[in-house]
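Structure first, commentary second.
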């Protein structure tokens, strides 16, 4: 059976949660699309040694 | 949860508990050589982590030259600088002596110090009296006007304040801070409410204990004109709150944040006296007419102790008026700063609340793990000094604590926990 949800999704007003790169949310805001910006970055700034220590320290 | 994580959680909870049950009271003003038992002749305490003369910034050198002349260790500023370069003075951080100081943070034997006693733990912390605004020693000013003002503070204001405080048995500070937050103060760049409330409490005692009418008038005028008078009280209070929180085995909570104009220093509760140091960042803010970022000195002062206890930049939501003053955007963004700082703190202070944020408590207990994990750097509201000695304040702004300090601190903390 074909799942028709994606087609319905695109026909309904979009509410967007943008995680990460802020440029995407700015583009949507310019087109009056409601968007919630979530500030996210990789744990420990993407530094594997610090991320490893954090994991061991319960951070 | 692993055993290590559980141990850290328990230690952190105890660290923050000690901070939250603090009972800071402004009790006295006494000379530094009486207050600080390890402060000796020709020893100059400064803000920030340890630093030697050859790495000090312009305002710090200017302040050192000025305070050396003030103490009579040199006849001129030029002679003072030569003596400093030749090693005639011993430089130590205020934080090594239960003391703090704003901007250059000069503390020497004859200066009167505010005494804040944390009665919940029986500890005392100290800070010099705020000199006022503009061209002052804390911003590197060192001419005759600056030194004459310091002499007046030493000989007239300090003793009078001490007598008044002893007369009334001290001023409890927690309720005063709570009122100040509800009146738009954040206790770092905006202290007008707390300064006014404190003067209201002290004025009758000052009148009773100061027999010289001219001196009384000058004292009331000096305090009344200075919107930032309370800053130094808040700083001593912050130190008295953080001291019992130090040295808790297994705690990843930050207990010291400070800057000397060159380096930013961090200490954690669980890593003892280790300093984690990185270059300071440059404040971003607004400048007085005629000045710009080209004139600015990098970040400086022990006043980050205010943010450490949840005030200042952490309590920006209480002080929307300060957001514009420091050039941090529209007043409507004030609460965003507090919410951001709440991401790196493990608790809120139920006694210091922000009415416009539905009485949310100020974020308290910076966890180094959260800082490194999120990359959210503690934000500090600060004054900006001219980079040349002898000039003074040129603006105010916001600065971030360098992430490198916290990354180093995390590595150091992991070592103490036996984690590699």
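Observations, loosely collected:
- Of all the criteria given as (1) surrounded by fewer than 16 Cβ atoms within 10 Å (Cβ to Cβ); (2) in a helix (DSSP H, G or I), the one not satisfied by residue B:159 is (1).
- The helices (runs of 4 or more DSSP H) found wholly in chain A and carrying at least 1 residues that are within 14 Å of another protein chain (Cβ to nearest Cβ) and modelled with pLDDT of 85 or more occupy A:48-56.
- Only a single item in (1) more than 14 Å from chain A (Cβ to nearest Cβ); (2) surrounded by fewer than 22 Cβ atoms within 10 Å (Cβ to Cβ); (3) at pLDDT 95 or above is not met by residue B:343, and it is number (1).
This table checks each residue for (1) buried (at least 20 other Cβ atoms within 10 Å of the Cβ); (2) within 18 Å of residue B:397 (Cβ to Cβ); (3) modelled with pLDDT of 95 or more.
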site: B:232; (1), (2), (3): yes, no, yes
site: B:271; (1), (2), (3): yes, no, yes
site: B:283; (1), (2), (3): yes, yes, no
site: B:286; (1), (2), (3): no, yes, no
site: B:292; (1), (2), (3): no, yes, no
site: B:299; (1), (2), (3): yes, yes, no
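- Among (1) touching a helix residue (DSSP H, G or I) at 6+ places or on another chain (Cβ under 7 Å); (2) at pLDDT 95 or above - the single one residue B:59 does not satisfy: (2)
- Residue in the stretch B:380-391 that is more than 14 Å from chain A (Cβ to nearest Cβ), out of contact with any helix residue (DSSP H, G or I) (no Cβ under 9 Å at 6 or more places or on another chain) and either at positive phi or in a strand (DSSP E or B) (or both) present: no
- Residue list for the stretch B:162-181, restricted to those being under 11 Å from residue B:197 (Cβ atoms) and surrounded by 15 or more Cβ atoms within 10 Å (Cβ to Cβ): B:171, B:173, B:176, B:177, B:180
- Check on residue B:358, at pLDDT 90 or above and within 14 Å of another protein chain (Cβ to nearest Cβ): no
- Selection from the stretch B:285-338 of residues that are more than 22 Å from residue B:105 (Cα to Cα), out of contact with any strand residue (DSSP E or B) (no Cβ under 6 Å at 6 or more places or on another chain) and in a loop (DSSP other than H, G, I, E, B): B:289, B:290, B:292, B:319, B:329, B:330
- Apart from one condition, residue B:134 fits all of (1) part of a loop (DSSP other than H, G, I, E, B); (2) surrounded by fewer than 17 Cβ atoms within 10 Å (Cβ to Cβ); (3) at pLDDT 95 or above; the exception is (3).
- Considering only residues in the stretch B:1-42 that are farther than 24 Å from residue B:117 by Cβ and in contact with a strand residue (DSSP E or B) (Cβ under 7 Å, 6 or more places away or on another chain), the one that is nearest to the other protein chains (Cβ to nearest Cβ) turns out to be B:12.
- Here residue B:335 meets each of (1) within 17 Å of residue B:228 (Cα to Cα); (2) touching a helix residue (DSSP H, G or I) at 6+ places or on another chain (Cβ under 8 Å) with one exception, condition (1).
- Where residue B:370 falls short, out of the listed (1) within 14 Å of another protein chain (Cβ to nearest Cβ); (2) surrounded by fewer than 22 Cβ atoms within 10 Å (Cβ to Cβ); (3) outside any helix (DSSP H, G or I): (3)
- Residue that is farthest from residue B:59 (Cα to Cα), among those in the stretch B:119-129 that are surrounded by fewer than 24 Cβ atoms within 10 Å (Cβ to Cβ) and touching a helix residue (DSSP H, G or I) at 6+ places or on another chain (Cβ under 6 Å): B:121
- Restricting B:241, B:223 to those that are touching a helix residue (DSSP H, G or I) at 6+ places or on another chain (Cβ under 8 Å), part of a helix (DSSP H, G or I) and within 21 Å of residue B:111 (Cβ to Cβ) reduces the list to B:223.
The values are calculated or read from the model by the stated rules, or taken from the named source; none is laboratory data. It should be emphasised that the depicted structure is a prediction, and the values quoted were computed from it without experimental measurement. Counting neighbours? That spans all protein chains shown, and the Cβs are built from the backbone with ideal geometry, glycine included.
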